1. Evaluate the relative contact order of the stretch 51-131 (contact order divided by residue number), counting alpha-carbon pairs under 8 angstrom at least 6 apart; express in whole percent.
2. How big is the shadow of the Cα convex hull of the stretch 1-137, averaged over all directions, in nm²?
3. For the chain, set up a GNM with springs between Cα atoms under 10 Å and report which of Phe19, Phe61, Phe123 has the largest fluctuation.
4. What number results when the radius of gyration of the stretch 51-131, computed over Cα atoms, is divided by 2.2 N^0.38 Å?
5. Helix 67-77 against the longest principal axis of the chain: what's the angle in degrees, Cα atoms only, rounded to the nearest 10?
6. Find the centroid of the Cα atoms in the stretch 107-133 and in the stretch 1-53, then give the distance between the two in whole Å.
7. Which of Val14, Ile2, Asn112 sits farthest toward the positive end of the charge dipole of the chain, with +1 on the Cβ of Lys and Arg and -1 on the Cβ of Asp and Glu?
8. Could you line up Ile15, Ile47, Ile2 from fewest to most neighbouring Cβ atoms inside 10 Å?
Amino acid sequence: MISIVRLDTRGRLVIPNEFREPLKLKEGDEVLLSLDQKTDTITMSPIYGKPKDIVKMEIEFGDTPGCLARIAQKIADMKIDLVMTESKSSQRGKAARWNIIADLSKSRCSANEIRQALLQSGFVESMSITRIARERLHR
């Protein structure tokens, strides 16, 4: 489904009803906005958990076959809900990066425990976890 909408004088837009209904979005619900300046795109995703549980994870790992899948399994085992992800090779065959927007509300692990578990897995070379502030766009 695609639609063109117009911003009002204060920069607001209305999400058409045919988009809101399938997502069960109603007045007062919060959505996550992500700006990609390289492609001039804005992505919007509903937040079904509490906004305080939304984090950005930046993971650097070796660009080898199956490595991303092994990290994804570790994340799934910790019951971390992936809201948005983007992965890409930074040095083909050597290094890759995975940017994740995640909801930690169903995980019993703290951000520090998640970080430690992933670093100790042997697949993750470095990583950071940052809480996403309300009304702050991330890159």
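1. Numbers: 144 pairs, mean separation 37.7, N = 81.
The value is 46 percent.
2. On the way: hull surface 39.5 nm².
That works out to 9.9 nm².
3. Of the options given, Phe19 has the highest mean-square fluctuation.
4. On the way: Rg = 11.9 Å, N = 81, 2.2 N^0.38 = 11.7 Å.
The reported ratio for this selection is 1.02.
5. With both axes taken from Cα atoms, the answer is about 70 degrees.
6. What the calculation gives is 28 Å, centre to centre.
7. Asn112
8. Values: Ile15 13, Ile47 17, Ile2 4.
Exposure proxy ranking, most exposed first: Ile2, Ile15, Ile47.
Just so you know, all these numbers are worked out from the coordinates, no wet-lab data involved. Not measured: the values here are computed from a predicted model. Cβ sites come from the backbone with ideal geometry, for glycine too, and all protein chains shown count toward neighbours.
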